[in-house]
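Working notes for the structure below.
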Amino acid sequence: MKKMLKKTFILLIAITIIVTNTTLAVSQKDSTDLQNKINEAKDDLKDVNNNKSEAEKQVDSLQSQIDKYQSSIDSLNDKLDDLNNSIEENEAKLKEKQKEYDENSELLDERLITIYEAGTVSYLDMLLTSSSLVEFISNYYLITELTSYDLDLLEQMDKEKKEIEEIKQTLENDKKEIENLKSEKEQKTKELNSTKKEKEGYIDELSGEAKQLQEDIAQFERDKAAIDKRLEEIANANKPSKPSGGSGGGSSSSKGYICPIPGLSKANITCGFYGYSGHGGVDFGGNYGKSVVAAKSGKVVISETLTGNIPNYDSNGNKIGSYRSYGEYIAILHDDGAITLYAHGKPGSRKVKVGQKVKQGQQIMNVGNTGNVQPRPTPSNPRGGAHLHFEIRINGVRVNPEKYL
Ligand SMILES: [Zn+2]
């Protein structure tokens with residue numbers, strides 16, 4: 001079990017190294033961007049490991065439950081052994097007592113026959129009509145012919161009979177208790193096995209989840225790198241004669257953006273530019289279904305869906321598709337060479353095609369939660385993680401959209 005977790009951990013490290021190397025190869029040009037990506041991958045891995053250690057705790061608590069069941073089964077086994085020993089002893093004692101009683105009974109028979117043959121009273125009749133030995137003894141007291149030897153013998157036999165009854169009772173009780181202990185043990189064993197099963201299922205799920213999450217992160221990195229490259233090529237191919245100013249330039253061409261969700265402003269940003277490492281845009285959290293509009297007039301250069309294995313649901317909890325990375329997203333090239341990007345749109349909501357010209361404020365899609373969003377949408381929370389992710393690139397470099405809104 002521990003081995004399995006260790007294996008998963010080694011696998012995660014290996015994937016991280018691969019991810020980091022891929023990132024290195026793709027963006028050697030920009031060392032800042034590279035560092036951000038490495039940090040982002042490290043952060044993502046930290047998240048995975050945090051999730052993992054939380055799950056490990058649960059596995060540990062199941063293990064301590066298993067240990068408890070095992071130790072109570074062990075103590076039940078000890079009790080069973082003790083009872084079996086006591087039964088064995090009592091059975092031997094019973095055999096011995098029975099033998100003594102039988103011998104005395106034989107002796108008494110002989111004595112009674114002797115008295116009967118010699119005497120006048122029907123002792124044998126009396127014995128047959130007496131309900132117990134005690135009654136027989138008390139009847140005997142009335143008979144003067146009876147010797148003290150006979151009385152002693154009868155008393156001893158009565159005592160032996162009582163002892164035999166007691167031992168029999170003890171044996172019966174011990175056997176009952178054994179039955180109880182056995183069924184208790186059976187119950188504990190059942191619980192032990194079901195807890196073991198639960199634990200194993202949890203470990204399988206855990207390693208599967210960690211693996212899936214790591215794969216999703218690695219896929220997102222690959223997608224981002226590919227999209228970066230595409231947008232860089234588009235930007236290079238569409239360089240205006242007068243290049244636009246950078247983040248510090250403040251030239252007129254870098255102004256004139258509106259908020260991509262009408263009615264909202266930069267005050268509604270829920271996660272800022274590099275709000276966490278690697279976050280090269282801003283998020284407008286919530287707002288599921290609201291219109292997303294072009295922040296500035298331009299030409300659509302990307303309008304597509306990245307399908308993958310992160311499921312999405314409608315408001316009734318029915319699965320309506322599986323996505324990855326940016327999910328449903330659009331990129332618009334503006335006249336000054338800047339590019340805006342809008343991600344995680346509602347399934348099927350994109351309203352513009354590549355090559356289409358759009359005016360500032362024109363609806364391009366609706367806010368959704370497709371692709372790599374947190375928290376992941378679930379059937380019970382179909383709008384989980386909904387937000388618009390918005391980026392601005394100037395000269396192929398991501399800039400803080402807050403400064404342009
Ligand atoms: Zn974002």
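Results, tabulated for the structure shown:
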| quantity | calculated |
| --- | --- |
| Hits in segment 388-405 - residues which are buried (at least 22 other Cβ atoms within 10 Å of the Cβ) and of a type outside the set (D, E, K, R) | 388, 389, 390, 392, 394, 401 |
| Tally of residues being within 9 Å of the ligand (Cβ to nearest atom) and basic (Lys, Arg) across segment 263-275 | 0 |
| Unmet requirement for residue 371, which otherwise passes all of (1) on the phi > 0 side of the Ramachandran plot; (2) open to solvent by 70 Å² or more (accessible area, probe 1.4 Å) | (2) |
| Matching residues in segment 276-311 - criterion: being among the hydrophobic types (A, V, I, L, M, F, W, C), more than 13 Å from the ligand (Cβ to nearest atom) and more than 15 Å from residue 371 (Cα to Cα) | 292, 293, 294, 295, 300, 301, 302 |
| Count of residues meeting criterion [over 17 Å from residue 298 (Cβ atoms) and more than 16 Å from the ligand (Cβ to nearest atom)] in segment 347-374 | 4 |
| Some residue of segment 357-367 being within 18 Å of residue 320 (Cα to Cα), touching a residue at least 60 places away in the same chain (Cβ under 8 Å) and open to solvent by 20 Å² or more (accessible area, probe 1.4 Å) | yes |
| Candidate set from segment 247-291 (those that are open to solvent by less than 30 Å² (accessible area, probe 1.4 Å) and within 14 Å of residue 337 (Cα to Cα)); member that is modelled with the highest pLDDT | 257 |
| Members of segment 322-346 found to be within 16 Å of the ligand (Cβ to nearest atom) and on the phi > 0 side of the Ramachandran plot, listed by number | 325, 327, 344 |
| Where residue 236 falls short, out of the listed (1) surrounded by 13 or more Cβ atoms within 10 Å (Cβ to Cβ); (2) modelled with pLDDT of 75 or more | (1) |
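Yes/no per residue for (1) more than 38 Å from the chain's Cα centre (by Cα); (2) without any contact (Cβ under 8 Å) to a residue 12 or more places away in the chain; (3) farther than 23 Å from residue 232 by Cα:
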| site | (1), (2), (3) |
| --- | --- |
| 278 | no, no, no |
| 284 | no, no, yes |
| 321 | no, no, yes |
| 331 | yes, no, no |
| 336 | yes, no, no |
| 339 | yes, no, no |
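Results for (1) open to solvent by 40 Å² or more (accessible area, probe 1.4 Å); (2) at pLDDT below 85; (3) of a type outside the set (Gly, Ala, Ser), shown as yes or no for each residue.
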site: 148; (1), (2), (3): yes, yes, no
site: 152; (1), (2), (3): yes, yes, yes
site: 169; (1), (2), (3): yes, no, yes
site: 173; (1), (2), (3): yes, no, yes
site: 176; (1), (2), (3): yes, no, yes
site: 193; (1), (2), (3): yes, no, yes
site: 200; (1), (2), (3): yes, yes, yes
site: 206; (1), (2), (3): no, yes, yes
site: 217; (1), (2), (3): no, yes, yes
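The values are calculated or read from the model by the stated rules, or taken from the named source; none is laboratory data. Since this is a predicted model, take the numbers as computed values, not measurements. A quick note on method: Cβ atoms are made from the backbone with ideal geometry, for glycine too, and the neighbour counts reach across all protein chains shown. Keep in mind that these areas ignore ligands, DNA and RNA; they rest on the heavy atoms of the full protein, side chains included. Shrake-Rupley method; radii C 1.70, N 1.55, O 1.52, S 1.80 Å.
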